[in-house]
Amino acid sequence: MFKHTHPYQPFIKKDSKKLIVGTLPPPRFTTGNLLEKDVDFCYGSYYNSLWLFIDKIHDLGLRFDNSQEAIEERKAFLIAHKIGVCDIVESAERQKMDASDLGMSNIKLRDVIRYLQKYPNIDTLLFTGGNSKNGPEYFFRKHIKDYNIKLELVSKVTPKIHQFVMPNLMAQNEVSLDQKRLIKTVSLTSGSGAANIAIGSNPLYKQLKANNPKFNTFNFRVLQYREFF
């Protein structure tokens, strides 16, 4: 059994307005056995694709390697765009050394609500996946039950958007609702290959593909992510 511990602390600044929320990077980021094109930072797996989407959207010319320069490029982008990163899984156990969300057991979650309390400028959570089992939205829904928070559906069109009222955590075991602070959540289509099946059945994707046979699932994600990054 492999103890899969998240290798990175949340990356959040005082003026962060959006927060990327995923689960765990592949096990090789915990063991330090990175691939040549991996970056030793949040979403650093070359095959995760998040930074490929961002690079395409903003024409950044990012490096994809193990260098410190590649890390600093990503930090600079997040700071400039007031985006933070706080994956919701702190640790899990795996029988197989892979990155499958379904392969996780004995899962320990981070207290994302406490981070939202600490950083009051955050008004949007960007889930890198939907509500499928052991995905970031799935875990977040489980997590907020401890605070008696419920997500309210705003838009059921992909990517689904919800909102919730952020509780004011005044003291231990004392929670009140601050009606002035609404947090929006956006469930982006996962960058995983498994999500390509869902994309293939998406009406918008079918329409765009029919109009342009060269249009692919990467292009579809770039189109979707562009609005939020």
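Mind telling me which of the residues I122, I54 ends up being aliphatic (A, V, I, L, M), part of a loop (DSSP other than H, G, I, E, B), touching a residue at least 60 places away in the same chain (Cβ under 8 Å) and open to solvent by less than 10 Å² (accessible area, probe 1.4 Å)?
Every option except I122 fails the conditions.
Go through the stretch 178-229 residue by residue and tally those that are at pLDDT below 90, aliphatic (A, V, I, L, M) and surrounded by fewer than 14 Cβ atoms within 10 Å (Cβ to Cβ).
Total meeting the criteria: 2.
Just to check your reading of the model, which residue among L60, L153 is part of a strand (DSSP E or B) and surrounded by fewer than 17 Cβ atoms within 10 Å (Cβ to Cβ)?
L153
For V85, state whether it is in contact with a His (Cβ under 7 Å, 6 or more places away or on another chain), surrounded by 13 or more Cβ atoms within 10 Å (Cβ to Cβ), touching a residue at least 60 places away in the same chain (Cβ under 8 Å) and closer than 25 Å to R221 by Cβ.
Taking the combined requirement at face value, the residue does not satisfy it.
Given the condition assigned to a loop (DSSP other than H, G, I, E, B) and out of contact with any helix residue (DSSP H, G or I) (no Cβ under 9 Å at 6 or more places or on another chain), answer yes or no: does some residue in the stretch 78-92 qualify?
yes
Can you tell which of R28, R94, R74 is open to solvent by less than 50 Å² (accessible area, probe 1.4 Å) and modelled with pLDDT under 95? Step through it out loud before you land on a result.
Values: R28 fails: open to solvent by less than 50 Å² (accessible area, probe 1.4 Å); R74 fails: modelled with pLDDT under 95.
After applying the criteria, what remains is R94.
The values are calculated or read from the model by the stated rules, or taken from the named source; none is laboratory data. None of the values given here were measured: they were computed from a predicted structure. Don't worry about glycine lacking a Cβ; one is built from the backbone with ideal geometry, like all the others, and counts go over all protein chains shown. Protein only, heavy atoms only, side chains kept; ligands, DNA and RNA dropped before computing areas. Shrake-Rupley method; radii C 1.70, N 1.55, O 1.52, S 1.80 Å.
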